[in-house]
Amino acid sequence: MNPTHPTDELDWVLVLAPFRKDADYISAFLQEQKVEVRAVRTGDNLIQYLQLFPGVIVMTHEALNPEVVARITEHLAEQPDWSEVPIIILLERGAPIARIRSQLQASWPGSRLLFHTRPIAQLELVNAIQSNLLVRLRQRQVRDSIERERELRLELNHRVKNILATVTSIFQMTRRGTATVEDLAEDFRARLQALSDVHAAVFEAGGEEVSLSTVVERTVSPYNSDGISRVDAKGPDIVVTRDAGTTVALCLHELITNAIKYGALSRPDGKVDVVWELSTSDNPVFSLNWVEVGGPPVREPSRQGYGTRYVRSALGALFGSSPAITFAPGGFRCDVSGPLSRISPNN
């Protein structure tokens with residue numbers, strides 16, 4: 001059982017001292033040192049206090065009765081693996097320390113036992129308590145690291161599964177659209193490289209969101225060289241989710257591939273304009289337009305290739321409506337729009 005720990009779990013000390021004024025005495029000088037303390041003189045409220053997860057437990061010899069030992073045993077049994085609760089025992093002079101230590105270690109294997117003989121100087125006890133509060137802080141840091149590592153493993157597993165599913169889909173659709181092994185290898189390699197470039201851009205952004213301008217620039221820059229801009233991209237620098245950035249980049253890659261094979265980029269003077277805009281309404285609409293000029297005359301193909309099928313499917317899923325793909329004689333174009341909320345990490 002892993003209990004849910006409050007945020008102040010390491011900030012206070014539980015004192016168990018049933019006789020005389022020990023509880024008041026210990027509480028008073030701990031409070032003088034700005035250490036929060038709660039005292040229990042009988043076992044009546046012990047369970048309630050233990051459920052608040054004290055950072056350190058301080059016990060006098062007289063508190064070591066069977067009921068208290070049993071309650072603390074139950075509390076320690078509920079501790080997670082990272083937790084080793086410091087318990088400071090203040091024994092009477094002449095007490096059989098070895099026998100008491102052996103008995104308590106058998107009952108409390110999940111504790112960090114420390115023994116002091118009374119009378120004990122205030123400074124010595126305060127130092128012991130503060131040192132063990134620091135120990136508990138370090139334990140909590142270990143716990144946080146363990147939990148973060150577990151979250152990262154789950155996230156990594158999820159992302160790897162998604163990437164493998166994407167690669168499988170790319171391969172299957174590429175295979176259906178190629179006639180030779182050489183074409184399959186080249187097209188598949190190019191699409192994997194595009195996927196790699198997109199993930200690199202997202203990784204460099206350092207989170208679940210990425211600049212759309214960065215993604216687009218990373219995607220089109222290989223086709224703009226020697227000062228010649230074959231693919232001109234412009235639009236406001238908005239932030240989109242990692243998944244949206246990946247989808248847009250892969251669709252742009254497919255459109256570029258199609259333009260190189262059949263469209264504007266197959267001619268020396270051909271160009272492509274990639275423009276995205278936002279409306280100024282209360283619920284902004286995002287639009288993305290791909291326009292080719294200067295290419296060969298365009299005719300609608302008799303069947304859709306992988307690129308067209310992927311672009312229709314991926315952009316349709318992303319924006320909630322299918323893109324308008326136009327095989328106009330003057331140049332191929334692809335236009336899509338949808339609510340900004342579908343691609344923005346803030347919605």
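The values are calculated or read from the model by the stated rules, or taken from the named source; none is laboratory data. Everything quoted here is computed from the prediction, not taken from an experiment. Here the Cβ positions follow ideal geometry from the backbone for every residue, glycine too, while neighbour counts run over all protein chains shown. These area figures cover heavy atoms from the full protein model, side chains too; ligands, DNA and RNA do not enter into them. Shrake-Rupley method; radii C 1.70, N 1.55, O 1.52, S 1.80 Å.
Could you look through the stretch 270-315, keep only residues that are of a type in the set (D, E, K, R) and modelled with pLDDT of 90 or more, and pick out the one that is nearest to residue 223 (Cα to Cα)?
So the residue we want is 271.
Kindly provide the set of residues from the stretch 259-314 that are open to solvent by 70 Å² or more (accessible area, probe 1.4 Å), part of a loop (DSSP other than H, G, I, E, B) and among the polar types (S, T, N, Q), ordered by number.
Those that are open to solvent by 70 Å² or more (accessible area, probe 1.4 Å), part of a loop (DSSP other than H, G, I, E, B) and among the polar types (S, T, N, Q): 280, 283, 302, 304.
Quickly run through the stretch 233-243 and pick out the residues that are assigned to a strand (DSSP E or B) and open to solvent by 10 Å² or more (accessible area, probe 1.4 Å).
Here is the first cut: in the stretch 233-243, the ones assigned to a strand (DSSP E or B) are 233-234, 239-241.
Of everything in the stretch 233-243, those that are assigned to a strand (DSSP E or B) and open to solvent by 10 Å² or more (accessible area, probe 1.4 Å) turn out to be 233, 234, 239, 241.
Quick one: which residue in 279, 313, 321 is more than 24 Å from residue 262 (Cβ to Cβ), hydroxyl-bearing (Ser, Thr, Tyr) and out of contact with any Gly (no Cβ under 7 Å at 6 or more places or on another chain)?
On the way: 313 fails: more than 24 Å from residue 262 (Cβ to Cβ); 321 fails: out of contact with any Gly (no Cβ under 7 Å at 6 or more places or on another chain).
279 is the lone residue from the list that is more than 24 Å from residue 262 (Cβ to Cβ), hydroxyl-bearing (Ser, Thr, Tyr) and out of contact with any Gly (no Cβ under 7 Å at 6 or more places or on another chain).
Out of 63, 70, which single residue is at pLDDT 90 or above, open to solvent by 20 Å² or more (accessible area, probe 1.4 Å) and among the small types (Gly, Ala, Ser)?
70
Given the structure, is residue 333 assigned to a strand (DSSP E or B) and open to solvent by 50 Å² or more (accessible area, probe 1.4 Å)?
Yes: the conditions hold for residue 333.
What residue, among those in the stretch 16-37 that are surrounded by fewer than 15 Cβ atoms within 10 Å (Cβ to Cβ) and within 38 Å of the chain's Cα centre (by Cα), is farthest from residue 70 (Cα to Cα)?
34
Just give me the residues in the stretch 300-344 being among the hydrophobic types (A, V, I, L, M, F, W, C) and in contact with a Phe, Trp or Tyr (Cβ under 6 Å, 6 or more places away or on another chain), in sequence order.
Result: 334, 336, 340.
Across the stretch 244-253, what is the number of residues that are open to solvent by 10 Å² or more (accessible area, probe 1.4 Å) and without any contact (Cβ under 8 Å) to a residue 60 or more places away in the chain?
Residues in the stretch 244-253 being open to solvent by 10 Å² or more (accessible area, probe 1.4 Å) and without any contact (Cβ under 8 Å) to a residue 60 or more places away in the chain: 1 in total.
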